[in-house]
1. In segment 91-146, what residues are among the small types (Gly, Ala, Ser), free of Cβ contacts under 8 Å to residues at least 60 places away in the same chain, outside any strand (DSSP E or B) and within 19 Å of Cys79 (Cβ to Cβ)?
2. I'd like to verify a number: residues in segment 4-30 that are part of a helix (DSSP H, G or I) and out of contact with any Gly (no Cβ under 6 Å at 6 or more places or on another chain), how many?
3. Surrounded by fewer than 21 Cβ atoms within 10 Å (Cβ to Cβ) and of a type outside the set (D, E, K, R): which single residue out of Val59, Val28, Val71 fits that description?
4. State whether one or more residues within segment 156-169 are within 27 Å of Met43 (Cβ to Cβ), surrounded by 16 or more Cβ atoms within 10 Å (Cβ to Cβ), among the aromatic types (Phe, Trp, Tyr) and within 14 Å of the chain's Cα centre (by Cα).
5. Which is open to solvent by less than 30 Å² (accessible area, probe 1.4 Å), closer than 28 Å to Glu7 by Cα and over 17 Å from the mean Cα position of the chain (by Cα), of Ala192, Ala255, Ala249?
6. Met1: out of contact with any strand residue (DSSP E or B) (no Cβ under 6 Å at 6 or more places or on another chain) and outside any helix (DSSP H, G or I), yes or no?
7. Counting just the residues of segment 31-56 that are open to solvent by 40 Å² or more (accessible area, probe 1.4 Å) and part of a loop (DSSP other than H, G, I, E, B), which one comes out modelled with the lowest pLDDT?
8. What strands (runs of 3 or more DSSP E), lying completely within segment 218-276, carry at least 2 residues that are out of contact with any Leu (no Cβ under 8 Å at 6 or more places or on another chain)?
Amino acid sequence: MIEETFECLPRERCERYLERLEMPWPEVLDRAYLDSLIEAHLMHIPFENFTSCVYREPVLIDLDSTYEKIVVNKRGGYCFEMNSLFLGLLRGLGYNAYPIGVRLLRPGMTVAGAVSHRGSVVVLDGVKHYCDVGLGSVACSRAVTMVDGAETETFLGTFKYEDLCEGWMMQLYKGHNEDEWRQVMISGTVPAIPIDFQGPNQNMQHPPAPFSIMLMTQILTPTGTCSINNDILTIRGPEGKTQTKLETAEDLQKAMSEIFHVDFDLDVCKQWVPKE
């Protein structure tokens with residue numbers, strides 16, 4: 001009864017989704033393919049909040065709507081859209097996967113807030129792995145092993161989980177040049193159901209939620225990440241980061257097309273009003 005509510009795409013839609021990711025149909029449903037799938041998603045489909053911040057339209061998170069927006073119309077999205085659709089792909093391919101609720105954390109935060117994010121768990125050989133293609137900040141480009149103390153290495157840094165209490169684990173991150181672990185999120189380990197995310201999704205679309213008032217985008221590159229926060233384009237790579245102020249709608253349109261692989265009409269970009 002619960003599992004029947006989980007998102008699952010039919011084969012034809014999975015194939016079209018994989019075309020957008022430039023990924024082949026899997027020969028084996030293993031960890032290597034799963035890691036490649038996550039990295040391809042982060043590199044081809046950006047985190048972006050144009051729907052709520054620029055269009056001022058409701059963000060729909062049912063599977064048909066997210067498929068139409070992200071695969072057919074070649075847009076990006078944010079966590080409740082991207083991880084909903086990605087779970088549909090995982091399950092459509094045949095992975096043993098389910099949705100979970102996530103509580104995002106800030107540095108030094110000692111009391112967890114409400115669920116404000118969703119991710120997916122994939123079970124391989126009895127071991128749980130956290131998958132996330134919709135986090136607009138420090139995002140792991142691989143599946144993170146959900147075993148207390150186990151470390152997952154990526155080219156951007158290292159991730160690990162630590163046990164908290166029954167049903168919840170804390171994810172931490174450490175960059176290659178960092179000495180201290182940073183807390184990222186508290187992840188559930190047991191299934192949620194899609195309707196659980198309707199309330200948090202609604203909360204994210206209205207002020208003071210930042211997704212409703214400030215433009216945010218992010219995409220992974222082979223050497224780092226690129227992001228837009230408000231009107232600042234940040235490109236991070238091995239040599240550090242560079243920042244550029246987006247002065248005009250034309251600047252935004254060009255950045256979205258050339259860096260984030262999403263083409264917006266100039267009239268749409270002209271609706272964007274940077275916040276002071």
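The values are calculated or read from the model by the stated rules, or taken from the named source; none is laboratory data. Predicted model, so just to flag it, every value in this text is computed and none were measured. Please note: Cβ atoms are built from the backbone with ideal geometry, for glycine as well, and neighbour counts cover all protein chains shown. Side chains are part of the model used for accessible areas, which takes the heavy atoms of the whole protein and leaves out ligands, DNA and RNA. Shrake-Rupley method; radii C 1.70, N 1.55, O 1.52, S 1.80 Å.
1. Selection gives Gly113 alone.
2. Let us first name the residues in segment 4-30 that are part of a helix (DSSP H, G or I), namely 4-5, 11-21.
Restricting the remaining residues to those that are out of contact with any Gly (no Cβ under 6 Å at 6 or more places or on another chain) gives 4-5, 11-13, 15-21.
Total meeting the criteria: 12.
3. Numbers: Val59 fails: surrounded by fewer than 21 Cβ atoms within 10 Å (Cβ to Cβ); Val71 fails: surrounded by fewer than 21 Cβ atoms within 10 Å (Cβ to Cβ).
Testing whether each residue is surrounded by fewer than 21 Cβ atoms within 10 Å (Cβ to Cβ) and of a type outside the set (D, E, K, R) leaves just Val28.
4. Within segment 156-169, the subset within 27 Å of Met43 (Cβ to Cβ) is 156-161, 169.
Of the ones still in play, those that are also surrounded by 16 or more Cβ atoms within 10 Å (Cβ to Cβ) are 156-161, 169.
Next, from what is left, pick out any that are among the aromatic types (Phe, Trp, Tyr): 159, 161.
Narrowing further to those that are within 14 Å of the chain's Cα centre (by Cα): none.
Checking segment 156-169: not a single residue is within 27 Å of Met43 (Cβ to Cβ), surrounded by 16 or more Cβ atoms within 10 Å (Cβ to Cβ), among the aromatic types (Phe, Trp, Tyr) and within 14 Å of the chain's Cα centre (by Cα).
5. Values: Ala255 fails: closer than 28 Å to Glu7 by Cα; Ala249 fails: closer than 28 Å to Glu7 by Cα.
None of the other options fit; the residue is Ala192.
6. Working: out of contact with any strand residue (DSSP E or B) (no Cβ under 6 Å at 6 or more places or on another chain): yes; outside any helix (DSSP H, G or I): yes.
For Met1, the condition - out of contact with any strand residue (DSSP E or B) (no Cβ under 6 Å at 6 or more places or on another chain) and outside any helix (DSSP H, G or I) - is met.
7. Among them, the one singled out is Arg56.
8. On the way: elements: 224-229, 232-237, 240-245.
Hits in segment 218-276: 232-237, 240-245.
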